[in-house]
Amino acid sequence: NAQGFPQWETNGILISDNPQDSWLTDWDMTADAANHAILAFPDIRNGGTNIAVYRIAPDGSFTWGADGIVISSSTFNAAPKVTVTAAGNAVFAWQADDVIIRQKISAEGDLLWGDNGIMMSGANTFSWPQVLPVGDDDVVMKFFEDTPPVWAPTRHVFAQRFDPNGDAVWAQPTVISDAGGISAWTQIFPFINDGNDGFFIAWHDDRDNNMLANIWVQHIGSDGSVLFADDGVEVS
């Protein structure tokens, strides 16, 4: 609780004992307005690497079932992220091979964007999504577009706003940076609401290829407009 006293049994509660792969890729957790914990992580309970999500009540009960909800079905799904909108819906985004998939789940556990979610695909690889709640039931998603090779991609950063139905709000994704120099191992960025349903986002890159990474920050408005200089402002 707020005073630091454990509310559940010693050592916590077991969320899942389903089999894991030898590496977890990434996982995420947030809390909704009703103080439920919402978790997302990959496991291999169905053979392939798929995303499982859970909603845990303050009393430790599993409101989406003892085994949660598996929200993906292809061979390899990784790096899930979750946020909760003001309307109380959980929005998840993850990478499935070279595409990104989004799904929205109600507090009751209903899949609101179809059984398979909504896919973002293209000629290049889309990777490492992050989601931020805006408005009542919209989200902004940051993502990368990568061109090969996988271990040293040319990585550009974009964002798009999606409405409650999962449709794009902005005519085109907003370019956060297409200056390059972002390594394959630079993946999760600090990413916060600016208080007006725009956002600030920060990262490091070596766009001038001198083996020294510098820090950059960008500010995007609620309408997708770029409010700082193209490709960000250098802060170190």
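The values are calculated or read from the model by the stated rules, or taken from the named source; none is laboratory data. Treat the numbers as computed from the prediction; the structure is a model and nothing was measured. Glycine gets a Cβ as well: all are built from the backbone with ideal geometry, and neighbour counts include every protein chain shown. Heavy atoms of the whole protein, side chains included, go into the accessibility calculation; ligands, DNA and RNA do not. Shrake-Rupley method; radii C 1.70, N 1.55, O 1.52, S 1.80 Å.
For this structure, a couple of remarks:
- Among the residues making up segment 14-64, those that are polar (S, T, N, Q) and either closer than 17 Å to residue 88 by Cβ or touching a Gly at 6+ places or on another chain (Cβ under 6 Å) (or both) are 30, 35, 63.
- Strands (runs of 3 or more DSSP E) contained entirely in segment 11-66, each with at least 3 residues that are open to solvent by 30 Å² or more (accessible area, probe 1.4 Å): 28-31
- Of residues in segment 205-235 being in contact (Cβ under 8 Å) with a residue 12 or more places away in the chain and open to solvent by 80 Å² or more (accessible area, probe 1.4 Å), the one nearest to residue 80 (Cα to Cα): 223
- For segment 73-83, filtered to residues that are in contact (Cβ under 8 Å) with a residue 40 or more places away in the chain and either on the phi > 0 side of the Ramachandran plot or open to solvent by less than 30 Å² (accessible area, probe 1.4 Å) (or both), the residue that is nearest to the chain's Cα centre (by Cα) is 81.
- Residue within segment 97-112 that is more than 17 Å from the chain's Cα centre (by Cα), open to solvent by 10 Å² or more (accessible area, probe 1.4 Å), without any contact (Cβ under 8 Å) to a residue 60 or more places away in the chain and on the phi > 0 side of the Ramachandran plot present: yes
- Listed by first and then second residue, the pairs linking a residue in segment 114-127 that is under 12 Å from residue 103 (Cα atoms) to a residue that is modelled with pLDDT under 95 and open to solvent by 50 Å² or more (accessible area, probe 1.4 Å), with Cβ atoms under 7 Å apart and 6 or more places separating them unless they lie on different chains, are 116/73.
- Residues in segment 181-195 that are closer than 13 Å to residue 215 by Cα and surrounded by 15 or more Cβ atoms within 10 Å (Cβ to Cβ): 181, 182, 186, 189.
- Here residue 159 fulfils each of the conditions (1) modelled with pLDDT of 95 or more; (2) under 13 Å from residue 51 (Cβ atoms); (3) open to solvent by less than 20 Å² (accessible area, probe 1.4 Å) apart from (2).
- Residue within segment 109-120 that is under 13 Å from residue 91 (Cβ atoms), assigned to a strand (DSSP E or B) and among the aromatic types (Phe, Trp, Tyr) present: no
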